[in-house]
Amino acid sequence: MPRDLPSTPEGALIRRARERVRPKISIAVAAARAAMSPENWGHVERGYQSQGRGQPPRVVVAPADTLAHMSRAVGLTAEELRDAGRHDAADQLQDLINQTPPGGFRTQARFPALITDAQPATETATEAPVGAKSPAWFTSEANRRGLNIDLLTVDQLRSLAAHFGYTLGELLLNAGLATESELKIGERPASQSRALAEFDAAIKEIVSSPLLSKRDREAVQKSADKTRQEIVETYLGGQ
């Protein structure tokens with residue numbers, strides 16, 4: 001792979017911006033913030049993509065939408081993009097900034113851990129209490145990922161929370177997926193408390209059955225603990 005090819009102006013700009021982020025972030029973390037693959041991020045930064053032995057590299061110029069999300073992920077301004085000659089991406093970045101959720105797009109040290117913990121959405125979809133008027137910053141990002149906001153999995157919610165620098169509870173609250181009272185266990189409606197109590201009692205009865213082996217009891221308990229935790233995190237903000 002050639003190492004002496006100059007990057008494109010936008011690629012050099014993205015690389016400098018990523019390297020000045022504090023705390024420092026890798027290409028993998030930056031790419032996760034922009035909901036793209038590390039490979040594609042690297043291609044944009046370098047300004048080219050290797051085509052294999054004996055083939056000339058292909059110049060990579062990012063689409064406006066992609067470059068705008070990359071720029072937001074590393075804190076670039078629309079003016080900086082215009083200075084690099086990407087007025088199209090600058091306009092889209094400004095739109096993204098205008099849609100930024102309450103509290104802003106944060107670059108805290110906990111962000112990489114949230115991204116690492118987010119898993120692909122392979123679980124059975126869990127219906128989320130999405131309001132009829134979800135904010136634009138939430139619906140636009142969900143639509144960009146091809147997600148149905150009325151039917152989101154727990155992992156999809158976690159990934160969206162990480163993208164905006166929110167905890168899961170903050171995302172649910174600010175996106176209108178839950179009310180403040182619903183995120184407080186102490187103020188949980190009686191019906192929710194009873195439902196969780198009945199769930200716990202049913203699991204306790206199952207695992208205490210003499211018909212189950214020790215291994216079976218451990219498997220049931222592990223599965224039940226995971227399901228309960230997902231319910232709490234999704235509807236009660238992880239409290």
Next on the checklist: For a protection proxy built on the mean count of beta-carbon atoms within 10 angstrom, sort 63-71, 150-158 highest first, please.
Outcome noted: 63-71, 150-158
Checklist entry - Hey, what do the phi angles of segment 10-15 turn into as Karplus ³J(HN,Hα) couplings, whole Hz, using 6.51/-1.76/1.60 and θ = phi - 60°, x for Gly and Pro? => result 5, x, 5, 5, 4, 4
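Hey, any idea what Rg/Rh is for segment 1-101, computing Rh the Kirkwood way over Cα pairs?
Numbers: Rg = 13.5 Å, Rh = 13.7 Å.
Checking Rg against Rh, the ratio lands at 0.98.
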Item to check | Per-residue Cβ neighbour rank within 10 angstrom, fewest leading, SER134, SER50, SER208 | outcome: SER208, SER50, SER134
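Coordinate-derived values only; no laboratory data. Just so you know, these numbers come straight off a predicted model, no measurement behind them. With ideal geometry, Cβ positions are generated from the backbone for all residues, glycine too; neighbour counts draw on all protein chains shown.
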